Every structure is written in structure tokens, then in C-alpha cells.
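Structure incoming, see below.
The values are calculated or read from the model by the stated rules, or taken from the named source; none is laboratory data. Only a predicted model underlies this, so the values are computations on that prediction, with no experimental measurement involved. Note: ideal-geometry Cβ built from the backbone for every residue, glycine included; neighbour counts use all protein chains shown.
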Amino acid sequence: MTPEAFKTAIEKLGLDLSAAAVLFGTHPRTTRRWANAERKVPPPVCNFLRHLLAEARAEARARAKSAKTTRAPKARKTNGKIRARVGPTIQCEFADGTVTRMSVFTAVEKLDWDRGIRLSQAAWQSRWQTQYRKQNGRAAALIDTVAPVPPVIVTAHFEQDGKVLAQREF
């Protein structure tokens, strides 16, 4: 791997040389030497970078494919009115101020609070992981991706078509 290819790979992964040094477990001076052609990039490092780039490309392709296949739920006609087949939505506010909204496919007569809260907590964790990756770069996300326990839910309510069906304070 040439020094230019090394620098390009590091940039594509969203890293700088010091973050790359942490990822490879080397001294920052070593990664600078690889980038400035003072030392040859070791084959295991080249292979690891190629693997990370291949994973990033595969993830990007999967994201693009899922974005193409995602579509809105089908609408159906009932008594002359068109209605979407989406169940009630639970909206939860967490102690840190984060608000999540999740569609819960449950009967309006028997709202499934446990499922709605589990979905909202999973949404909070997913949002946390996304912010963590944006702040720390892709390589940091590969090292530590375990989201912390979500904060306490302060309020939650089910709604459908703009009407609140039920509300709980925690």
C-alpha cells in the first residue's frame, strides 16, 4: 500500500492520523511515518484497512438498497375514506429531553404499553449510537458500539390521527 493510498483510506474512514494510531495500537509518530513514506505500511495494517473499507462500502450499499425499498404503508378504502394501515403511535419523553415516536401495531382497544416502551428505548439507543458514530468516527464505532441504558421515561402517550388515546406519567 502506498502512502497516498494509506492517507486516502484513513480519510475515507473518517479518521485522522492520531485516531488511526489508536485504532492500530501504534504510536502516532508511526502512522505519520507511514503517511509520509518514511516507513513502509506493514501488510497486516494494509489488510485491516482494506477490510474496514470493504465493510464501509457494503454498509453503504445496504443502506442505499434499504432506502430504495422502504415505502409507506398501503392505504385502504373504508366507507369512502382512505385510511393508512398504521397502528397507534407511542410518544415517549426521556429524562434527558429526547422524544421518540414509534408506531406500535396493537389494537386501539388494548394498547400494548410494554411493547411501546421497549420500542422507544430501542429507538433512543439507536439514536445514541448514531450520534456516537458521528462524533467519534466510524473506526471508534467499530471498537465500542454498546449503547448505555436509556434514561428514565418521564411521560408517554399513545396517539392516532392527532388524537391522544391514553397517557401515562412515570
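Looking only at the range 2-30, count how many residues are assigned to a loop (DSSP other than H, G, I, E, B) and surrounded by fewer than 18 Cβ atoms within 10 Å (Cβ to Cβ).
Kept after step one, since they are assigned to a loop (DSSP other than H, G, I, E, B), are these residues of the range 2-30: 2, 13-16, 25-27.
Now narrow it down to the ones that are surrounded by fewer than 18 Cβ atoms within 10 Å (Cβ to Cβ): 2, 14, 16, 25-27.
Matching residues across the range 2-30 total 6.
Further, regarding this structure: Could we say that residue 40 is outside any loop (DSSP other than H, G, I, E, B) and over 22 Å from residue 135 (Cα atoms) here?
It is false that residue 40 is outside any loop (DSSP other than H, G, I, E, B) and over 22 Å from residue 135 (Cα atoms).
Pick from 108, 86, 104, 149: which is modelled with pLDDT under 90, under 19 Å from the mean Cα position of the chain (by Cα), of a type outside the set (Lys, Arg) and not assigned by TED's automatic domain parsing to the domain that holds residue 15?
Values: 108 fails: under 19 Å from the mean Cα position of the chain (by Cα); 86 fails: under 19 Å from the mean Cα position of the chain (by Cα); 104 fails: under 19 Å from the mean Cα position of the chain (by Cα).
Residue meeting the stated conditions: 149.
Got a number for residues in the range 64-77 being closer than 30 Å to residue 168 by Cβ and modelled with pLDDT of 60 or more?
0
I'd like the residue in the range 99-124 that is among the β-branched types (Val, Ile, Thr) and crowded, with 16+ Cβ neighbours inside 10 Å and, out of all such residues, is farthest from residue 156 (Cα to Cα). Break it down into steps so the answer makes sense when it comes.
Let us first name the residues in the range 99-124 that are among the β-branched types (Val, Ile, Thr), namely 99-100, 104, 106, 108, 117.
Right, trim to crowded, with 16+ Cβ neighbours inside 10 Å and you get 100, 104, 106, 117.
Numbers: 100: 10, 104: 13, 106: 16, 117: 8 Å.
The extreme case among them is 106.
A further question on this structure: Based on this model, can you work out whether residue 45 counts as touching a helix residue (DSSP H, G or I) at 6+ places or on another chain (Cβ under 7 Å), in a helix (DSSP H, G or I) and within 24 Å of residue 133 (Cβ to Cβ)? First the steps, then the outcome.
Details: touching a helix residue (DSSP H, G or I) at 6+ places or on another chain (Cβ under 7 Å): yes; in a helix (DSSP H, G or I): yes; within 24 Å of residue 133 (Cβ to Cβ): yes.
Against the criterion (touching a helix residue (DSSP H, G or I) at 6+ places or on another chain (Cβ under 7 Å), in a helix (DSSP H, G or I) and within 24 Å of residue 133 (Cβ to Cβ)), residue 45 qualifies.
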